[in-house]
Amino acid sequence: MGMPCEVNSVLKLAPSQGYPDRLAVGAKFGAEKAGYRILPIDVPIALVGEDWMVRADVTIESLTWSGGVTRLECAVSRLYDTPFSAK
């Protein structure tokens, strides 16, 4: 018997999952994703919106699994002047 989980190298969020209303370097925010996910901690990764556009890099500061949900605490580490596609 195993534990189902996904390994992700980018953080794709919808507004309902915690995509920040305003992006600013150093700003912190929380997010939730359904299921159990493995993501890099303490290194910048791309923050992707529902449109698969990268507008910032974020650093995940904490990750918690419980009740079939992955909860994240993140900080914006870099903003891009021009968004670009992650697809």
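All of the numbers you see were taken from the coordinates with simple rules; none came from a lab. Just so you know, these numbers come straight off a predicted model, no measurement behind them. Backbone-built Cβ (ideal geometry, glycine too); neighbour counts: all protein chains shown.
Kindly write out, for the stretch 19-26 in residue order, the coupling ³J(HN,Hα) from the Karplus curve 6.51 cos²θ - 1.76 cosθ + 1.60 (θ = phi - 60°), rounded to whole Hz, with x marking Gly and Pro.
Those phi angles translate into 4, x, 5, 10, 9, 8, 4, x Hz.
For the chain, what is one quarter of the convex hull surface built on the Cα atoms, given in nm²?
5.8
Calculate, in nm to one decimal, what residue 82 and residue 41 gain on full extension: separation in residues at 0.36 nm each, minus their alpha carbon distance.
In short, 12.2 nm is gained.
Using θ = phi - 60° and the Karplus curve 6.51 cos²θ - 1.76 cosθ + 1.60, what whole-Hz ³J(HN,Hα) does each residue of the stretch 32-45 get, with Gly and Pro shown as x?
9, 10, 5, x, 9, 10, 10, 9, x, 10, 6, 9, x, 9
Within the stretch 38-74, find all residues whose amide N lies under 15 Å from a label point positioned 7 Å from the Cα of residue 28 along Cα-to-beta-carbon.
42, 59-64, 72-74
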